[in-house]
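Have a look at the structure below before the remarks.
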Amino acid sequence: MRRHGSNEVFRITGARQGLADDVRGRQRRYVISMTVRTLAVIAAAVLWNVERHVAVVALVLGALLPYVAVVIANAGRERPPSLPSTFTMPPSRPMIEPAPDEKLKKTSDQS
């Protein structure tokens, strides 16, 4: 059996998402938000003379969505999970005691 120099054991379940994956996820959310915004502005233009109330709602959505998309895209990285812990201590090994007759030999030899 090989012994490792470190006593620390690492759990991969406590690891954060990689930075490249995090950036890719933010970019994906931003592009989806901007696509919805573009569709809302186009719907407002198409529906302006047909259904004005729906067109106004779509126009307001198209005006507010860039702010929301930027706030969501610039949100910080997720926090690492608190449980389970990222470090665990290895189990302690109990000390093996000598047999009872060996204890008596040692004490009698010393006297």
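The values are calculated or read from the model by the stated rules, or taken from the named source; none is laboratory data. All values reported here derive from a predicted model rather than from experimental measurement. All Cβ positions, even for glycine, are placed from backbone atoms using ideal geometry, and neighbour counts span all protein chains on display.
Please identify the pairs in which a residue from the stretch 25-42 that is modelled with pLDDT under 90 has its Cβ atom under 8 Å from the Cβ atom of a residue that is outside any helix (DSSP H, G or I), counting only partners at least 6 apart or on another chain.
Gly25/Gln17; Arg26/Asn74; Arg26/Ala75
Could you grab me the full set of residues in the stretch 53-70 that are within 31 Å of the chain's Cα centre (by Cα) and either more than 13 Å from Val36 (Cβ to Cβ) or of a type in the set (A, V, I, L, M) (or both)?
Leu61, Leu64, Leu65, Tyr67, Val68, Ala69, Val70
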